[in-house]
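The structure appears right after this line, and notes come after that.
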Amino acid sequence: IFTLQANLLVMRALLLGVATAVGDFSAPRFTVDLDKSAYDRWVPVAEEIIAKRGYQYTWGPLHAWLESLLPRKVWEELEPLWERVLKSYPADYQDESRAFNKWCTEKGYNWTLGQNVMVQLFYEVEDACTSIVAQHSNGTIFHGRNLDYGLPGLENFTATVTFTRNATAVARGTMYVGYSGVLTGQHLTPDGSASWSLSLNQRFLGQQVIPYIPTVEAFLKGVQNIGFTMRDALINEPDYATALPVVQNKHIAAPAYLTIAGVKPGEGAVVTRDRNGTSQAWNTGRGTWEIAPEKGQWYRLETNFDNWWPDLATDGRRKAAHKLMDTAGQDHADLETLRSTLSTSPVLADDTTYTALMHNEAGWYDTIVREHPADVQREVRALMTKRVAKKLEDLVSWYRQQPWYAGAVLV
């Protein structure tokens, strides 16, 4: 393992230096001690980010964007709703949301509690992704992903976070600091390797993004936030075999695709999720779509469309990624091929915020933060803002119709 890790450090330098876009950089790394209070585990991380990047280039743009979606008085009117959502979270995640809001208040950043709670819906806001799990001809498993978001400021508070418990590293993942969920990560073992990894893709149903109302309704009924579910699994599940049933069956608040990778030959799959379990996948057998190298199916690839749909029903990323992987071939199923595939347009999108590369057996994990020209970002964000604003307006209308709605008073 240590030889592999040394070799991969060289590879890391090559991956960053040879073929990423101008301005791309490796995400900063932090360690978060789960034995500390929510405030003490996260505030030092946030303070270091502010010191290096500045509020005006991190959470400041995100807050300004949230304020542009709804008038301030409507955000304040929504506080009772977000309080209800917050109270539906497991205690540790409630504490982290309140801790981040406390820090924002202490710094004079003027976030409402509800705005901080909505940050915990990062997955549900709107995103697009590409995830790949592949097995080399020698049996080695590799895992990579792009996460695409148009939200402002994300690139400057994206970080690779290692979680520790009892002074032992238990999990690692890429996080948007301030969002408590993990959308990409791996479970760590005491010898420094990882036993399995997981990445999340949003599931577009009928090419429509997820509306907020059914997701919020699910939260209020006690269903877990998907990012929290993933973080808990990555921390607690010891291996691929025990993690897969959790990935397949744990109730979640919104439909999704979960790509899971292990360390043994054959340990790799894309799981298509409904809210209450694995999708029936139109009886195609692809609800859990495992790699099958013995049949020549040495990788699985997911974007944001059901993988049994024809390519013509998608946006082109999937077709392009398949072509790149097939051209590379199984003898080249490695970090370099995953990086190259995920760095090629249209797989690398105008709003890709990061690329994560994982080799669990070697304990390898790297996050490449992607940067894009300002004019491209403005165009992408303008389109996204219209969609998100409409979904928020629908949520406000729904909220005002609830029997427990009482203006700004929680009853």
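The values are calculated or read from the model by the stated rules, or taken from the named source; none is laboratory data. In this text, all values refer to a predicted model and were calculated from it rather than measured experimentally. Ideal geometry is used to build each Cβ from the backbone, glycine not excepted, and the neighbour counts take in all protein chains shown. The protein model used for the area step is the full one, side chains on, heavy atoms only, and it has no ligands, DNA or RNA in it. Shrake-Rupley method; radii C 1.70, N 1.55, O 1.52, S 1.80 Å.
For the range 246-280, how many residues are crowded, with 18+ Cβ neighbours inside 10 Å, under 20 Å from the mean Cα position of the chain (by Cα) and not in a helix (DSSP H, G or I)?
Final tally of qualifying residues: 18.
Being open to solvent by 10 Å² or more (accessible area, probe 1.4 Å) and assigned to a strand (DSSP E or B) is the filter here; which residues of the range 154-164 pass it?
Looking only at the range 154-164, we keep the residues that are open to solvent by 10 Å² or more (accessible area, probe 1.4 Å), and these are 155-156, 162, 164.
Matches in the range 154-164: 162, 164.
Pick out the one residue from 82, 59 that is buried (at least 17 other Cβ atoms within 10 Å of the Cβ) and more than 19 Å from residue 221 (Cβ to Cβ). First the steps, then the outcome.
Numbers: 82 fails: more than 19 Å from residue 221 (Cβ to Cβ).
Matching residue, one of 82, 59: 59.
Can you tell me which residue among 205, 220, 258 is touching a strand residue (DSSP E or B) at 6+ places or on another chain (Cβ under 8 Å) and aliphatic (A, V, I, L, M)? So that I can check it myself, show each step before the final result.
Working: 205 fails: touching a strand residue (DSSP E or B) at 6+ places or on another chain (Cβ under 8 Å); 220 fails: touching a strand residue (DSSP E or B) at 6+ places or on another chain (Cβ under 8 Å).
Being touching a strand residue (DSSP E or B) at 6+ places or on another chain (Cβ under 8 Å) and aliphatic (A, V, I, L, M) holds for just one of 205, 220, 258, which is 258.
So which residues in the range 328-350 are open to solvent by less than 40 Å² (accessible area, probe 1.4 Å) and either part of a loop (DSSP other than H, G, I, E, B) or of a type outside the set (A, V, I, L, M) (or both), if there are any at all?
Filtering the range 328-350 for residues open to solvent by less than 40 Å² (accessible area, probe 1.4 Å) gives 328-329, 333, 335, 337-339, 341-343, 347-349.
Correct list: 329, 333, 337, 339, 341, 343, 347, 348, 349.
Of all residues in the range 145-199, how many are among the basic types (Lys, Arg), touching a Cys at 6+ places or on another chain (Cβ under 7 Å) and more than 12 Å from residue 365 (Cα to Cα)? So that I can check it myself, show each step before the final result.
Let us first name the residues in the range 145-199 that are among the basic types (Lys, Arg), namely 145, 165, 172.
Narrowing the set further to residues that are touching a Cys at 6+ places or on another chain (Cβ under 7 Å) leaves 145.
Pick out the ones that are also more than 12 Å from residue 365 (Cα to Cα) and you get none.
Matching residues across the range 145-199 total 0.
Which one is nearest to residue 188 (Cα to Cα), of the residues in the range 220-245 that are out of contact with any Ser or Thr (no Cβ under 7 Å at 6 or more places or on another chain), outside any helix (DSSP H, G or I) and of a type outside the set (A, V, I, L, M, F, W, C)?
Checked the range 220-245; the qualifying residue nearest to residue 188 (Cα to Cα) is 237.
With (1) farther than 18 Å from residue 183 by Cα; (2) open to solvent by less than 20 Å² (accessible area, probe 1.4 Å); (3) part of a loop (DSSP other than H, G, I, E, B) as the list, and residue 325 as the residue in question, which single condition is left unmet?
(3)
Identify the residue in the range 301-315 that is open to solvent by 30 Å² or more (accessible area, probe 1.4 Å) and over 21 Å from the mean Cα position of the chain (by Cα) and, among all such residues, is farthest from residue 271 (Cα to Cα).
Of the residues in the range 301-315, the ones open to solvent by 30 Å² or more (accessible area, probe 1.4 Å) are 308-312, 315.
The next check asks that each one be over 21 Å from the mean Cα position of the chain (by Cα); those that pass are 308-312.
On the way: 308: 12, 309: 15, 310: 18, 311: 19, 312: 22 Å.
Restricting to residues being open to solvent by 30 Å² or more (accessible area, probe 1.4 Å) and over 21 Å from the mean Cα position of the chain (by Cα), the top hit is 312.
Pick from the range 118-133 the residues that are in a helix (DSSP H, G or I) and more than 13 Å from residue 228 (Cα to Cα): which of them is modelled with the lowest pLDDT?
My answer is 125.
Quick check, is residue 235 open to solvent by 10 Å² or more (accessible area, probe 1.4 Å), of a type in the set (A, V, I, L, M) and touching a residue at least 12 places away in the same chain (Cβ under 8 Å)? Lay out the reasoning, then the answer.
Values: open to solvent by 10 Å² or more (accessible area, probe 1.4 Å): yes; of a type in the set (A, V, I, L, M): yes; touching a residue at least 12 places away in the same chain (Cβ under 8 Å): yes.
It is true that residue 235 is open to solvent by 10 Å² or more (accessible area, probe 1.4 Å), of a type in the set (A, V, I, L, M) and touching a residue at least 12 places away in the same chain (Cβ under 8 Å).
Report whether or not residue 150 is under 18 Å from the mean Cα position of the chain (by Cα) and either buried (at least 22 other Cβ atoms within 10 Å of the Cβ) or within 30 Å of residue 43 (Cβ to Cβ) (or both). Lay out the reasoning, then the answer.
Working: under 18 Å from the mean Cα position of the chain (by Cα): yes; either buried (at least 22 other Cβ atoms within 10 Å of the Cβ) or within 30 Å of residue 43 (Cβ to Cβ) (or both): yes.
Yes, satisfied.
Collect the residues in the range 281-322 that are in a helix (DSSP H, G or I) and closer than 20 Å to residue 352 by Cα, keeping them in residue-number order. Before you say what the answer is, go through the steps one by one.
Narrowing the range 281-322 to residues in a helix (DSSP H, G or I): 281-283, 293-295, 311-313, 317-322.
Once the filter is applied, which keeps residues that are in a helix (DSSP H, G or I) and closer than 20 Å to residue 352 by Cα, the range 281-322 yields 317, 318, 319, 320, 321, 322.
If we scan the range 39-48, do we find a residue that is touching a strand residue (DSSP E or B) at 6+ places or on another chain (Cβ under 9 Å), charged (D, E, K, R) and buried (at least 16 other Cβ atoms within 10 Å of the Cβ)?
Filtering the range 39-48 for residues touching a strand residue (DSSP E or B) at 6+ places or on another chain (Cβ under 9 Å) gives 40-42, 44-45, 48.
Filter once more, so that each one left must be charged (D, E, K, R): 40-41, 48.
This time we only want the ones that are buried (at least 16 other Cβ atoms within 10 Å of the Cβ), so: 41.
Yes - at least one qualifying residue is present in the range 39-48.
Only residues in the range 86-113 that are at pLDDT 95 or above count as the first member; pair them with residues that are among the aromatic types (Phe, Trp, Tyr) and open to solvent by 40 Å² or more (accessible area, probe 1.4 Å), Cβ under 6 angstrom, at least 6 apart or cross-chain, and list the lot.
99/39
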